[in-house]
1. Compute the angle between helix D:274-285 and the longest alpha-carbon principal axis of chain D, please, reported from 0 to 90 degrees and rounded to the nearest 10.
2. For chain A, what are Rg and Dmax over the alpha carbons, in angstrom?
3. Per DSSP H run of n ≥ 4, the term is -39500 (n - 2.57); total these for chain B, divide by its residue number, and report the mean residue ellipticity at 222 nm rounded to 500 deg cm²/dmol.
4. Treating only the Cα positions of chain C as identical point scatterers, give the base-10 log of I(q)/I(0) from the Debye formula at each q in 0.09, 0.15 Å⁻¹.
5. Once you sort the root eigenvalues of the Cα gyration tensor of the range A:94-228 as a ≥ b ≥ c, which label holds: rounded (a/c under 1.5), prolate (a/b larger than b/c) or oblate (the other case)?
6. Quick one: helix C:249-259 against the long Cα principal axis of chain C, what's the angle to the nearest 10°, folded into 0 to 90?
7. Could you tell me what percent of the DSSP beta bridges with both partners in the protein assembly as shown are antiparallel, to the nearest 5?
8. With each run of n ≥ 4 DSSP H residues scored as -39500 (n - 2.57), what mean residue ellipticity at 222 nm is computed for chain D after dividing by its residue count and rounding to the nearest 500 deg cm²/dmol?
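Derivation of every value follows stated rules applied to the coordinates shown; laboratory data play no part. Please read these numbers as outputs of a predicted model, since none were measured by experiment. So basically every Cβ, Gly included, is an ideal-geometry build from the backbone, and we count neighbours across all protein chains shown.
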Ligand SMILES: Cc1ncc(C[n+]2csc(CCOP(=O)(O)OP(=O)(O)O)c2C)c(N)n1
Ligand SMILES: Cc1ncc(C[n+]2csc(CCOP(=O)(O)OP(=O)(O)O)c2C)c(N)n1
Ligand SMILES: [Mg+2]
Ligand SMILES: [Mg+2]
């Protein structure tokens, strides 16, 4: 099960973009240029790149709080550039949500991004509605929600999987099991550290995959999306992975665990090795890297150069058609 | 697996009491003597009698909306008479909740009855707290919640089973699968018509039993309670049964289904047959029947003769220690 | 709507049913979901017949999954549907509170207008029938402080139909409160499709001595109270709020400026509810004209007990309104 | 508590931590539960050190199961424990709304006093830091119309400690709101265990010209506003409500009867929130004494946007309070 080399290179590039986006963002956050809270997706690039590769602009995905990378890729692929995701994080008028949403609420339905909901897991039931509408209208689209292992604690997990099954809805559950919810290990939170164990009872395909190997995640998402588009109902994917970010910025996990994941299971390093094995020159990969770095810096500059939102935005769009009094 | 004859007779008597309680209550309800809404447990006597037989006054159970019978038996066994459950349904001062609760909120912690919560399923998470307290204090008690098949739709089902498992709490889930939630068939509501399929992923014992055979339910509850008391954590029992009450009072289910359950699977009829087979004289069973009927009529009379609650009760006990203004 | 020559008498339930029926006829994006709303027609019969007419796709029975019911509303509305959910009893809104408050009410604003949430959550509110603490509450106070949400609460059969149709047409999320004590109320209900504007209170009865501002079932009690007082020559103006958020403060203020006295009445408790909002706004806006303090007639500050005589003590009714009006009239300017 | 000779300066977070620590020392039935409150010490550090001191049994990390967290509080409280839950952000109360409103607040009443629910749900409320629509809300309005519930909201480090200890001791369910903008505030915090009485407002500053009634972070803004106005000879009386439900109307009314003018201030929106309740009660009770309409200074009627300049427009602060007071003073009697 080998992807063609073009696709493989593109996935490498996309993962590099996520890594660079997140690390540059974190740098700016630490400088105080990015307000609010920040959760970054470093270490989880292979799941996000695979999702971005298979979801179309006409599909829908509900990203979670670590999905800046997925969001940016969807923008790039379907709207030409990902810089409006960066600008959103800076709270600027040029952001996808005009700065009103930030990291936790950036959406752009034109590229399939239906927005995060910072009440973790609440969109597990929202996604059902999108999927139902499409099914009722006979549209062969996929509605995806990205959830963390911790998020699985919410009761909505049950309501969602159950109803997706009884109505055979085109829902893709992309569960990113990175082993922890903030500081809490998955096995301390859940009856099983393998989320598929909790999902399987609902009677639709539940597949656990290595979330750090891009070839595996790519193929797994492909299979899931094919199943759903063919009208076969929901599909649950659990990506076993690990996040480089600890508790916000502090590390709390055992040193050997950290070493293992960062050195032996780094999805970018693995992808690079695979490509080199396939005969790609290291210099070509370095060139991709450099190109992406320049691109991201340009996005940051664009964000910084962008104006703050128009004050009128503060009271705009509370109600459709009705005004709210400003101060 | 045969129960001793004394116990078997007592269970027969308890089931007869539930049947009589419910039918007499329904009669009074139709006459307008009982306010509010009414859900009766006819057809489900074997599950309730078995629970009442094994739960001690020092255990806790959260009854559901069809558990008048279980509630009354707990009163009888641990407080001498069940008539205060009847009085509660009549909204009288002598009711277990002084008439403030009614059918859906009658409680008496002295007999282990922790009260229904008419928000179906909400007590699936309340029961965790009771169980946790006991576990923390080293008390070997069982905390039971009775839930219907429909109630399983609530997200709290997931939160509850998951946490009961991770903390190994002494919770007995008694799921009464009577095939319908109001008018909705279980298979239309759930990914599986067998609730154990949804429960098994949590990794503790989940057992499905014939809910209409008292010997089976008795043994199943025994096994569950033994497991829990021994400190082995939660246990899930699914009773496959059927309720005689349709949608409130109307029938909507297929005629052959109705006939099957009422004629071939009536738990009382089955128990009577088993006892007769074991050599009990029919006349003895008739005597039990007559005695129970007289008892229930006395409870109804007691209820009717009881005063309405003192008006001061209307504003009492909103806050502990603080008064609320009357009108 | 204009009054027809021969009144067309329908119950509040029938009026709601007509609104759903006609809205579904007009607009294929309207669909219904909720517990037992299909073949059974809902706990109170509001959806009766619609399953047979529109089929299981558009009249969908759901599990007891209230969070999912509202989540499905939001998601489907985000992609152009117009879902109408039934939450069997308003007391169960607690289970979908997050979806209503943090999702439905914010999805338009927080994503910069890119999504709309044109959904309606219908639910049966109010007490008076021995339903006890979990089947009798008036929940508008739970949602009154939530920007982005619309709360609609009809008091008559004609309004039930027109306001429900308007709520379905409206592009905002609407919490639609149907009082159980009104379901069997009969009144003239115009034929065919019509909408009654949101955010417009109705002056149900004109009067110059005192204004009573209320909603839902208490509108009927206020009208009855006005009848009683009319026999003593007291003219009560009855304002039916109809939309509770955002509401028509102008009509309220205009009325009180005229009468100089006001009673506000809600079934929900006084502390922190709609009655407080109305009293505050009247006092702030009619400071010069008010001849007496605004009086709140409201439910007592307790859960709602099961036993009927206790429940009757807790919930306000016609007599409390009469007493309240007398009290306000007794106060000297 | 009495002022000590040398002030003992602690942050609001430290004060809360001390209250938990001392309460757990005194009473073995007190235990804590919530997300990441153990080794990590909670998102804001309020439980820091307690896991090491009291162990995993009494300082329990939970899954992201907010309904279960509060359900566990109610159940364990029913059998004599005194649970203190942390809900990481107040915005997440929507997920356990049912448990708080229909279970915790009613369990004592609906079962005729047979159970008590002495639990505390602590949570981080308020905005001002770019948290966006789901991490910045002031939720007191969501719960104000709920009989049976107590809402406590300290504005100073000393009160944070004393009110939290009192809330844990109290036999009722308490929703305990900690404003994120206060967590780092420092103040004199008495040593050792003490309680600050619930249902008693504090007059933070005396003044004869105008009363401002408020709570939480806005108390600090009101004091700053009073400083500004004092330079012009305007004497502002600042009332810190401290307990929001049931609240100390007497202190509020007494103050306004004295000053004749009132501003009420909340971070939450004006419509249907605490500000409405206060304005209504003041207007009803001080009808004769009021020289000008009560003015509500409040958050705008919108969700809370992420971008800082927008958020600043939405939320009220010192300048809005100053302007509000000037407005109220300008009005002639
Ligand atoms: C309902 C809810 N509870 C708690 C939080 C606070 N919170 C934000 S992220 C997070 C951990 C989520 O863990 P997981 O789903 O595993 O995602 P990860 O951060 O590991 O990617 C928590 C508890 C929240 N945002 N929403
Ligand atoms: C949360 C909630 N949703 C809906 C209801 C209304 N309701 C009461 S009983 C019931 C059906 C319950 O079905 P099931 O659990 O199977 O119990 P059964 O009546 O069949 O014994 C419903 C929907 C409720 N009380 N609470
Ligand atoms: Mg995780
Ligand atoms: Mg059932």
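1. Taking the Cα atoms of chain D, the angle to D:274-285 is about 50 degrees.
2. Expressed in Å, the Cα Rg and Dmax of chain A come to 19.3, 64.
3. One gets -14000 deg cm²/dmol as the mean residue ellipticity at 222 nm.
4. With one equal scatterer per Cα and no solvent, log10 I(q)/I(0) is -0.45, -1.23.
5. Verdict is rounded for the range A:94-228.
6. Roughly 20 degrees, rounded to the nearest 10.
7. 20
8. -10000 deg cm²/dmol
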